[in-house]
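Below is one structure, written out as C-alpha cells, with a few remarks after it.
The values are calculated or read from the model by the stated rules, or taken from the named source; none is laboratory data. Everything quoted here is computed from the prediction, not taken from an experiment. Positions of Cβ are backbone-derived with ideal geometry, glycine not excepted, and every protein chain shown enters the neighbour counts. When the accessible area is computed, the model is the full protein with side chains, heavy atoms only, and any ligands, DNA or RNA have been set aside. Shrake-Rupley method; radii C 1.70, N 1.55, O 1.52, S 1.80 Å.
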Amino acid sequence: MGKYHHGDVRNVLLQQAENILTEEGPSGLSLRRLARLTGVSEAAPYRHFDGKDGILAAVAIDAFERFAERLENVAANIKKHEERIMALGAAYVHFAVDFPQHFRLIFGRERPPLDQYPELREAADNAFDVLQRAVTSVDRRADMTLNEAATAYNRALAAWSRAHGIAMLVIDGMIVPPADQELDDFVLGLLAEDLTAPDNT
C-alpha cells in the first residue's frame, strides 16, 4: 500500500470513487480501476469493500446523508406547512441538479440492494423519514395508529413523487428552466400549480 497508511486507503478509494461517479456515473467504477488510479495494489480495495457494490453502497450512504441533511435544514427553518412542502420540493430538485450522478445512484438501478447493505437501508430510510416528518409535521411515534401511520406515509410519498418527477425531468433535460428564472423559483412555480390545482373528483 506504499504511500498510504492502512486507515487512509478506504478514504482515498472513496474520494476517487466520488470523482469517477461525478464525471462518468456508476458505470465508470471498478475496484481494479480505483486501485490503479490511487496507486494501491489490486488486492487493497477488497480489504475495505466487497466488490463494486460495496463501494457504490458506501458512496450512496454518503449521498443519502447529504441529501437528508439538506432537506432537514430546509424543513427546520420553515413553519408554515404549505411553504415547507414547496421549499422541500425545491431543495429536492436542487440536490438532483447539483449532484445528478449521485441522485441517479441513490434512486436508480445501479444502487446496490438495500437488503444486502443494512447501513445503506438505514441511510435511505432516514432520508425518507426526514421528508415524512417535515411534510406531516409529526414524528413517527410508537403510539401512532395504523391509520395515522398510513396517512403520514401517503402524504410523504405524494410529496416525494411530485418533487422526484420534476427532478428527473430537469436533470434529463426534458424540461429546462427559463434563462431569466432561478431554478428554485421555477420549481416553486411548478409545485404551486400542483398544490393549487382544483380537485375535480
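Taking first residues from the range 47-63 that are modelled with pLDDT under 90 and partners that are surrounded by fewer than 18 Cβ atoms within 10 Å (Cβ to Cβ) and among the hydroxyl-bearing types (S, T, Y), no Cβ contact under 8 Å between residues at least 6 apart in sequence or on separate chains turns up.
Any residue at all in the range 161-168 that's open to solvent by 40 Å² or more (accessible area, probe 1.4 Å), within 14 Å of the chain's Cα centre (by Cα) and farther than 28 Å from A17 by Cα?
Keep residues of the range 161-168 that are open to solvent by 40 Å² or more (accessible area, probe 1.4 Å), which gives 161-162, 164, 168.
Remaining after also requiring within 14 Å of the chain's Cα centre (by Cα): 161, 164, 168.
Filter again for farther than 28 Å from A17 by Cα, leaving 161.
Checking the range 161-168: at least one residue is open to solvent by 40 Å² or more (accessible area, probe 1.4 Å), within 14 Å of the chain's Cα centre (by Cα) and farther than 28 Å from A17 by Cα.
Among the conditions (1) in a helix (DSSP H, G or I); (2) more than 25 Å from L190 (Cα to Cα); (3) not hydroxyl-bearing (S, T, Y), the only one that E110 does not satisfy is (1). Which pairs turn up if I take residues in the range 171-183 that are under 20 Å from L88 (Cα atoms) and look for partners that are open to solvent by 70 Å² or more (accessible area, probe 1.4 Å) and in a helix (DSSP H, G or I) with beta carbon separation below 8 Å, at least 6 apart in sequence or on another chain? Taking only residues 6 or more apart or on different chains, the pairs are I171/R104; I175/L169.
A quick yes/no check of all residues on (1) among the aliphatic types (A, V, I, L, M); (2) modelled with pLDDT of 85 or more; (3) open to solvent by 70 Å² or more (accessible area, probe 1.4 Å):
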residue	(1), (2), (3)
G108	no, yes, no
Q116	no, yes, yes
L120	yes, yes, no
D139	no, no, yes
N154	no, no, yes
P177	no, yes, no
A192	yes, no, no
